[in-house]
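Since the structure comes first, as structure tokens, the remarks are kept for the end.
The values are calculated or read from the model by the stated rules, or taken from the named source; none is laboratory data. Because the structure is a prediction, the values reported are computed rather than measured. Please note: Cβ atoms are built from the backbone with ideal geometry, for glycine as well, and neighbour counts cover all protein chains shown. Note: accessible area is taken over every heavy atom of the protein model, side chains too, but ligands, DNA and RNA are not part of it. Shrake-Rupley method; radii C 1.70, N 1.55, O 1.52, S 1.80 Å.
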Amino acid sequence: MADSAEQRRRRGSVRQRGNSLQVRVFSGVDPVTGKDVYLTETVKGTDKAAQKAADKVMTRLLSQVDQQRSATSSVSFGYAIDEWLRTAELEESTRDMYRGYVDRNIRPVLGDEPVRKVSTRMLESLYAELRRCRARCNSKPFVEHRAEGEHECKKEKCRPHACKPLAASTVRQIHSIMSGALSAALRWEWITSNPARIAQRPKQPQPQPTPPSPSEAARLVDAAFEMDGKNNDDWGTLVWLVMTTGIRRGEVCALKWSRVDLEQGIIEVRSSYVLRKGVGRVKDTKTHQMRRIALDTETTVLLREHKERCRRRLTELSIELTDDMYVFSGVRKFDPTQPYSPHAVSSRYKDMAERLGIDTHLHALRHYSATELLTAGVDLRTVAGRLGHGGGGATTLRVYAAWVAASDRKAAEILGSRMPKRRLKGLTEGL
């Protein structure tokens, strides 16, 4: 009896819905929700002609389902993702991050699914589930046990499950991973189309930069110059340089004296220093582009003084300062042959800000540099170039839209003040 029911379900059915016929064919089980999936199509009318048309639709839908089930390639989606991760040109840190998303969110749901059967509906269903609950629970109350086998929940601190949705930006990242894998599968002729291209992903959240105010920035830079005591302005110089150039944390850590032209007042940003699993390495900048940033007079003077301090310290150790040495080094041990740890820089800055009662972080100094330039009326392309943004300023415009609007208002006032003065009719007629 069960076999016949399964057979009928597989064959599909035609049922009357009002003044039309609905053709319904079983297409499989949704790997995300576990529910049966049907292909449906409506035929207008209920007469014999409509019945014949419904039979043709039934044949077409059954053929479509059979084509999905008898795919020429048995490659799973999980295998396709693994092959893409293995062959794609990605930074190792990015590759590790992607593998984490794959293992946590993609493989448990779609990993065993044949790549040819992955559909746009499956992707959108997964996105919706992850936005509801990252554990993809069944919406029924249950206890998350923190130990296997018999145990005391109170002792193990087991708690009732609380749904925690993934952020929209995280789901967009997951979409990018699956889209990249499916694009590769398309190139390798494992599939005939990429369902991720038309899949609707969560909207990109609007960036909300929170730069310190000018008064807060002044307090931060004053505190930085006071931290290392007299005759040692290393930390203050680092904070000042980040504030005036908008340079990224990894970029300032990777900066060498060979990239600092004190005569011309220019620094070249060509690399970034990153830590991965406790091991540091120098890599390209985030946008893989070199940029030259002009320095103001005060910043140039500070870097000259900083270089002279480094030279004196090395002379005491009978070591000569060379262009291959890093501009900034760690606090615990002065060793310009080793870069300052990015984590240590962020941690020290955070501690300093907390002592001042300012809720901020190091990256906010980059926001401060950008917003101050835009508010002062500096053009968008110049600001984008100093920050190292790609897209000719598109990223800068998206992140700092509010400040660009303020700059536009200032530009309008400047233009208005330069316009020829016109004579007012009401006044001239009365004269």
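Sort out which residues of the range 39-67 are over 22 Å from T192 (Cα atoms) and outside any helix (DSSP H, G or I), and write them in order of number.
Of everything in the range 39-67, those that are over 22 Å from T192 (Cα atoms) and outside any helix (DSSP H, G or I) turn out to be T40, E41, T42, V43, K44, G45, T46, D47.
Counting only residues that are under 16 Å from S329 (Cα atoms) and over 28 Å from the mean Cα position of the chain (by Cα), which one in the range 226-255 is most open to solvent (accessible area, probe 1.4 Å)?
This residue is M227.
State all residues of the range 189-217 that are in contact (Cβ under 8 Å) with a residue 60 or more places away in the chain, in a loop (DSSP other than H, G, I, E, B) and over 23 Å from E124 (Cα atoms); if no residue qualifies, say none.
Selection gives P207, P209, T210, P211, P212.
Output the helices (runs of 4 or more DSSP H) that fall wholly within the range 362-421 and possess 3 or more residues being surrounded by 19 or more Cβ atoms within 10 Å (Cβ to Cβ) and modelled with pLDDT of 85 or more, or say none.
On the way: elements: 363-375, 380-387, 394-399, 401-418.
Where helices (runs of 4 or more DSSP H) fall fully within the range 362-421 and carry at least 3 residues being surrounded by 19 or more Cβ atoms within 10 Å (Cβ to Cβ) and modelled with pLDDT of 85 or more, they are 363-375, 380-387.
Consider L85 carefully, then state whether it is aliphatic (A, V, I, L, M), at pLDDT below 90 and part of a helix (DSSP H, G or I).
Working: aliphatic (A, V, I, L, M): yes; at pLDDT below 90: no; part of a helix (DSSP H, G or I): yes.
When the stated conditions are applied, L85 does not pass them.
Return the pair list, or none, for Cβ contacts closer than 6 Å from residues in the range 137-154 that are exposed (fewer than 12 other Cβ atoms within 10 Å of the Cβ) to residues that are in a loop (DSSP other than H, G, I, E, B), at least 6 apart or on different chains.
Final answer for the pair search is F142/H161; V143/C158.
Check I191, I174 and return the single one that is surrounded by 15 or more Cβ atoms within 10 Å (Cβ to Cβ), modelled with pLDDT of 95 or more and of a type in the set (V, I, T). If you could, list the steps in order and put the result at the bottom.
Working: I191 fails: modelled with pLDDT of 95 or more.
So the residue among I191, I174 that is surrounded by 15 or more Cβ atoms within 10 Å (Cβ to Cβ), modelled with pLDDT of 95 or more and of a type in the set (V, I, T) is I174.
Of the numbered conditions (1) part of a loop (DSSP other than H, G, I, E, B); (2) in contact with a Phe, Trp or Tyr (Cβ under 8 Å, 6 or more places away or on another chain); (3) more than 26 Å from R219 (Cα to Cα), G330 fails exactly one; give the number of that condition.
Of (1) part of a loop (DSSP other than H, G, I, E, B); (2) in contact with a Phe, Trp or Tyr (Cβ under 8 Å, 6 or more places away or on another chain); (3) more than 26 Å from R219 (Cα to Cα), only one is false for G330: (3).
Is it the case that the range 338-346 has a residue that's among the aliphatic types (A, V, I, L, M) and over 29 Å from the mean Cα position of the chain (by Cα)? Before you say what the answer is, go through the steps one by one.
At the first step, the residues of the range 338-346 found to be among the aliphatic types (A, V, I, L, M) are 344-345.
If we keep only those that are over 29 Å from the mean Cα position of the chain (by Cα) as well, we get none.
No; the residues of the range 338-346 include none that is among the aliphatic types (A, V, I, L, M) and over 29 Å from the mean Cα position of the chain (by Cα).
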